[in-house]
Amino acid sequence: MGFEFIQTSVDGAVGIIRLNRPEVLNALNLKMVEEIVTALEEWDQDKAIRVILITGNDKAFAAGADIDEMANESTVAMYQKDQFRTWDRIAKISKPIIAAVSGFALGGGCELMMNCDMIIASETTKIGQPEVKLGVMPGAGGTVRLTKIVGKLKAMEMLLTGEPITAEEALQYQLVNKVVPVELYFEEAMKLAKQIANQPPVAVSMIKRSLMTALDSPTEQALKYERNGFYLLFSSEDQTEGMSAFIEKRKPNFSGK
Ligand code: HXC
């Protein structure tokens, strides 16, 4: 995959997307978001990849959408660009996405992070939605996802002051899974990615879909979705292998079928 603003690499069954505009703290321009989503979709279709990891560098995961790119735009131009159609594609990725975050995760950077399924943060991470300071507001889910995760009071404070919170505070509000020293955040995220990559992929994807459905549907409907997934997995080879391995007291060898 040849990209301008991201670097991609593969380690075992983990596809790694590294945001790569360090000179502007990985500010997300439209092309960069398109590249991230293209890489996600290509790997979602690639059987050799089981988990996707998104990272930046120690100083910045991403300091938000590219302000220079939008500063002089009109409403009509912003509307016609329809950038959120690209963002919406992230929620359709069926493989787990892990964010390895350090430094600034602001605005669109925080929104990209919240679009991931699990987040490992370094102690130096600063997370916030500073759009209000620019006279605008979040547009890629900041008022929606942040509020669902941290609750009304903290979300209101973060969104209306625009001030970032520390990694420790983010952990307290369950906005990140784990906080580790800066030397370890990538390694820790890879460890988690590899652990999940060893699980049976059809079950992993079904569990992700069921959980995502549960977040956005009434309980009865989500329970129906879960039950259908449960039954469906009994037609997978991995179910036979997983249960046989347990009974035979050996390690399972999952084929992903
Ligand atoms: C464009 C950016 C940028 C951004 C940083 N830079 N953030 N360029 N868009 N979002 C550039 C700076 O202009 C500067 O370029 C270089 O990166 C280094 O930044 P500094 O400000 O010099 O670094 P520092 O003093 O360490 O301050 C870091 C910072 C600050 C606190 C993160 O850069 C900052 O406040 N950035 C903007 C954060 C923000 O408002 N994000 C929300 C954007 S709106 P030069 O050329 O001067 O060296 C948004 C809406 C999302 O995200 C909508 C959905 C997609």
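What follows is calculated from the coordinates using simple rules that are stated; it is not laboratory data. On a predicted model such as this, the values are computed, not experimentally measured, just so you know. Methodologically, a virtual Cβ is constructed for each residue, glycine included, from the backbone with ideal geometry; neighbour enumeration extends over all protein chains shown.
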- request: Please go through the residue pairs Lys92/Lys191; Lys59/Lys251; Lys152/Lys224; Lys148/Lys257 and name each one whose alpha carbons sit more than 31 Å apart in this structure.
  value: Lys59/Lys251; Lys148/Lys257
statement: Using alpha-carbon coordinates alone, the radius of gyration and Dmax of region 64-138 in Å work out to 13.9, 41
query: What angle do you read, to the nearest 10 degrees and between 0 and 90, between the alpha-carbon axis of helix 201-216 and the longest principal axis of the chain?
result: 50 degrees
statement: For region 1-104, the Cα gyration tensor yields equivalent-ellipsoid semi-axes (√(5λ), largest first, whole Å) of 25, 17, 10
task: Output the Kirkwood hydrodynamic radius of region 171-257, Cα pairs only, in Å rounded to one decimal.
output: 15.3 Å
field: region 1-78, relative contact order in percent, only Cα pairs under 8 angstrom and at least six apart counted
entry: 36 percent
- prompt: Given H placed 1.01 Å from N in the peptide plane, which residues other than close sequence neighbours of Arg21 have an amide H under 5 Å from its amide H?
  reply: Asn26
The chain, dipole about Cα centre (Lys/Arg Cβ +1, Asp/Glu Cβ -1), debye to the nearest 20: 820 debye
- prompt: To the nearest 10 degrees, how steep is helix 152-161 against the longest Cα principal axis of the chain, on a 0 to 90 scale?
  reply: 40 degrees
field: Relative contact order computed over region 71-208 (Cα-Cα under 8 Å; 6+ residues apart), in percent
entry: 27 percent
- prompt: Roughly how tilted is helix 30-44, in degrees to the nearest 10 and between 0 and 90, from the longest Cα axis of the chain?
  reply: 0 degrees
task: Write down the Kirkwood hydrodynamic radius of region 142-215, to one decimal in angstroms, obtained as one divided by the mean of 1/r over all alpha carbon pairs.
output: 14.6 Å
field: Separation of alpha-carbon centers, region 109-140 and region 152-217, rounded to whole Å
entry: 12 Å
field: Under-5 Å amide H pairs with Ala99, H placed in peptide plane, nonlocal only
entry: Ile54, Asp117, Met118, Ile119, Ile120
query: Counting alpha carbon pairs within less than 8 Å and at least 6 residues apart, what relative contact order, in whole percent, applies to the chain?
result: 16 percent
field: Cα-based convex hull volume of the chain per residue, rounded to whole Å³
entry: 143 Å³
- line: Eigenvalues of the alpha-carbon gyration tensor of region 89-203, times 5 and square-rooted, give semi-axes in Å, largest first, of 25, 17, 11
- prompt: Taking the Cα centre of region 58-130 as the origin and placing charges on Cβ (Lys, Arg +1; Asp, Glu -1), which of Thr124, Ile97, Phe61 is farthest toward the positive end of the dipole?
  reply: Ile97
